[in-house]
Each structure stands twice: as structure tokens, then as C-alpha cells.
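See structure below.
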Amino acid sequence: MTFNYLKQNPRWFLLDCISGSTAYNLNVKGSDTDKKGIFIMPQKQLYGFTQTAQVANESSDEVYFEIGRFLELLTKNNPNILELLNTPKQFVLYRHPLMELIKPEDFLSKLCLDTFAGYAHSQIKKARGLNKKINKPMDEERRSVLDFCHVIYNDGSVTLTEWLETNGLAQDQCGLVSLDHFRNGYLLYHQTQLTEGSFRGIISGPEADDVQLSSVPKGLAHLAVMNFNKDGYSVYCKEYKEYHEWVTKRNELRYQSTLSQGKNYDAKNMMHTFRLLNMAAEIAQYGEVRVNRPDRDFLLKIRNGEFEFDDLMLMVEEKMMEIGELYSTSPLPERPDLQKAEDALLEIRAEFYTAGYQ
């Protein structure tokens, strides 16, 4: 099963819905129209090797889950799946009668506290990530291993680069040997100390990701003791890669909108944070998933950057405390009933295939 095959053969659809901001009642000018749905694999594929859990178009704004995968995620109270199952009727493009066998109320549980709050925290993480990227932009040119090396000097330490410049030395004429019992510690020597041969240099070149060792004649006195902050360099490389991937892939219009609002966080991520938290509270209070948001005005104020980041963080903390109390007294079961999910899956497959779909 592929996305294109499914779209060309709609008989395999069980559910087809408009989702995302339109279903949430949070769409604004320029919002994309997303779609989600459920399909059932042809029986021959189900019994064969070519099983498919989900399919999507290239931009991933249309995603369809195979009924088995859908019910599996439903028993884990996945927010996207619960939202899909509870799509408002005006946004349901097609719904097979067999979907009546899956009742939303049969699968809501206290697990929603973890799943919805977990998704909310992932949105906060993204918002904080943008906060950091805006306030601490990284240079285009990547720093070298040498920038993370320091030399003991005058009862303290200086950067290796500074030490080399002070002594009129070049790194490619130096040699290192490991210093026993000192993690990432090295003894440093220079070419001028040799009567024959040469040292390899501290690093092999600008793209090196570690220092390199040289053979040093026995008894040769070292010029300095050097430390390479390898852990710091690894963290830097990871952040450098993530930052420049973000610059390359970021939605420039959304980013410029954030800057124009004078904020240093992703307002859309924060809007979804509160949407998820409010939905989690409603599940505990009312035992239902309210996809179409009654708090649209408040959520759009967040999206429009009308709050400061620190104030939103305080509101998140208050909301989390409120939700925790709601779930502690909620009559919801601890977890969804797996047997109901399996019974529904077996009945749907049996009736669908018996109807002549192979």
C-alpha cells in the first residue's frame, strides 16, 4: 500500500478527515489544510510480507493510518489519534459504517495525562530551542578542536592558540603524547627540540575532530601540559549542526513573524502547548476530546505573541498542577481496555473482507 495507490483506490478508506488548524478552529490566513484518516490493507497484503502501518504524501500534510496501527496507537492514548477519532462532523469527508465499532469513550484513560502533557512538553522544548537559537546565534564558521584546548601557564591556563602565538609556534610543528592518569591531558613538544624526524602536529587539519599523538624521543622535556575539552567540543559540534540545520530548514515566514512580534520563542509551538494542556484537562473533567477549540481567542493571542515567554512558563506550571489534581480524582480508568481494541479490530477486518474486499 502506498499513498498514491490509496488515493486512487478509495475503497480502502475507513475514515478521511480534514485535520490540523482547520479542525482545531485555529486556522488563520495562510494556514495549510491538513488531512488525516484511516485505511484497511487489502487482505492479501495483510497475510503477506508487504504490510503497511501508515502512508503520507511528500509534505506529510496528508497522513493515513492502517486500522491495526490506528487501534494500537489508540490504546496508547496518542493525542493525534484521539483527535482523529473525535474529528468534528463538519470536517469528516468520509466515514465507513464500521467505524461505529470504535467508541471514543471506550479508550479514554488517565494515560492521557502523560501523553497530552508529554506532547505539550515537546512543544515547550521546541519553543525554548528557538529562544536559545535567537539569543545565542552561532557563527557560520565552525570552531576548531584547537579552540577547546588549554595550556597550563603562569599558575593558571590560557588557550592553546594564545600560547602558540605568544611563543611563536605553529600547531603543525608540535607533537603530543598522552599524560598518564589525566583524562584528555597531554604533554606538548615542538619540532625545534628534535635533531631528526618531525612531529605530526596537534591536529591533522581544520576538519579534524580530535587531537593526534606523535612519537617522542625518550627523555625529551615537554614544553607544556595541555588539556583538550573533548566533551565540550562534542556538545558544541552537536549544537552547531542542529543550529545550521535549523537555519537551512526553518520556515522563514514563520521565523520572521516571530521576530516581528519582538518575541524570542516560537509562538505557534506555545499555542499548541496550551491547546494540548487544555484538552488534557477537558478529558479528565468531561470524559471527551474537544478538538474544535472553544478557547480559540486565548490560543490565538498566544500565537500572535501577546505574552512574554516567562509569563507563559508560569502559566504552564499552574496548568500542570491543575491537571494533576483533575486526574487524581477523575473516574477514568488507568489505561484503555486492550481487549476492546482487539475485538473491534477483528470484527472490522472480518466484516470488511467478508463484504468482498480482497
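The values are calculated or read from the model by the stated rules, or taken from the named source; none is laboratory data. What you are looking at is a predicted structure, and each value in this text was computed from that prediction instead of being measured. Every residue, glycine as well, gets a Cβ built from its backbone with ideal geometry; the counts of neighbours run over all protein chains shown.
So here's what we get for this one:
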{"quantity": "Answer from GLY197, GLY205, GLY201 - the residue that is within 26 Å of GLU141 (Cα to Cα), surrounded by fewer than 12 Cβ atoms within 10 Å (Cβ to Cβ) and among the small types (Gly, Ala, Ser)", "calculated": "GLY205"}
{"quantity": "ARG349 vs. criteria surrounded by fewer than 20 Cβ atoms within 10 Å (Cβ to Cβ), modelled with pLDDT of 85 or more and part of a loop (DSSP other than H, G, I, E, B)", "calculated": "no"}
{"quantity": "Residue within the range 326-341 that is under 26 Å from ASN25 (Cα atoms), of a type in the set (A, V, I, L, M), part of a helix (DSSP H, G or I) and modelled with pLDDT of 90 or more present", "calculated": "yes"}
{"quantity": "Qualifying residue in the range 156-166 (condition: of a type in the set (S, T, N, Q), in contact with a strand residue (DSSP E or B) (Cβ under 7 Å, 6 or more places away or on another chain) and in a strand (DSSP E or B))", "calculated": "yes"}
{"quantity": "Unmet criterion (only one of (1) over 21 Å from LYS110 (Cα atoms); (2) hydrophobic (A, V, I, L, M, F, W, C); (3) not assigned by TED's automatic domain parsing to the domain that holds LYS103) for LEU345", "calculated": "(3)"}
{"quantity": "Count of the range 167-184 residues which are surrounded by 15 or more Cβ atoms within 10 Å (Cβ to Cβ) and not in a helix (DSSP H, G or I)", "calculated": "7"}
{"quantity": "Residue satisfying all of: in the range 47-82; free of Cβ contacts under 8 Å to residues at least 40 places away in the same chain and β-branched (Val, Ile, Thr); surrounded by the most Cβ atoms within 10 Å (Cβ to Cβ) among these", "calculated": "ILE81"}
{"quantity": "Criterion (basic (Lys, Arg), surrounded by 15 or more Cβ atoms within 10 Å (Cβ to Cβ), modelled with pLDDT of 90 or more and more than 22 Å from THR22 (Cα to Cα)) met by exactly one of LYS133, LYS110, LYS103", "calculated": "LYS110"}
{"quantity": "Scan of the range 262-294 for residues that are in contact with a Lys or Arg (Cβ under 8 Å, 6 or more places away or on another chain) and part of a loop (DSSP other than H, G, I, E, B), ordered by number", "calculated": "TYR265, ASP266, ARG293"}
{"quantity": "Residues (among the charged types (D, E, K, R) and buried (at least 23 other Cβ atoms within 10 Å of the Cβ)) located in the range 269-298", "calculated": "ARG275"}
{"quantity": "Residue within the range 5-20 that is assigned to a loop (DSSP other than H, G, I, E, B), in contact with a Leu (Cβ under 7 Å, 6 or more places away or on another chain) and either within 13 Å of GLN54 (Cα to Cα) or of a type in the set (D, E, K, R) (or both) present", "calculated": "no"}
{"quantity": "Exclusive hit being farther than 19 Å from LEU345 by Cβ, surrounded by fewer than 17 Cβ atoms within 10 Å (Cβ to Cβ) and of a type in the set (S, T, N, Q), set THR33, THR22, THR87", "calculated": "THR33"}
{"quantity": "Residue match in the range 234-242 (condition: at pLDDT below 85 and either part of a helix (DSSP H, G or I) or over 30 Å from CYS149 (Cα atoms) (or both))", "calculated": "yes"}
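Condition check ((1) in the same structural domain as ALA344 (by TED's automatic domain parsing); (2) in contact with a Phe, Trp or Tyr (Cβ under 7 Å, 6 or more places away or on another chain); (3) under 25 Å from THR115 (Cα atoms)) across all residues:
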position	(1), (2), (3)
PHE39	yes, yes, yes
LYS44	yes, no, no
ASN57	yes, yes, no
GLU72	yes, no, yes
ASN78	yes, no, yes
ILE81	yes, yes, yes
PHE91	yes, no, yes
LYS103	yes, no, yes
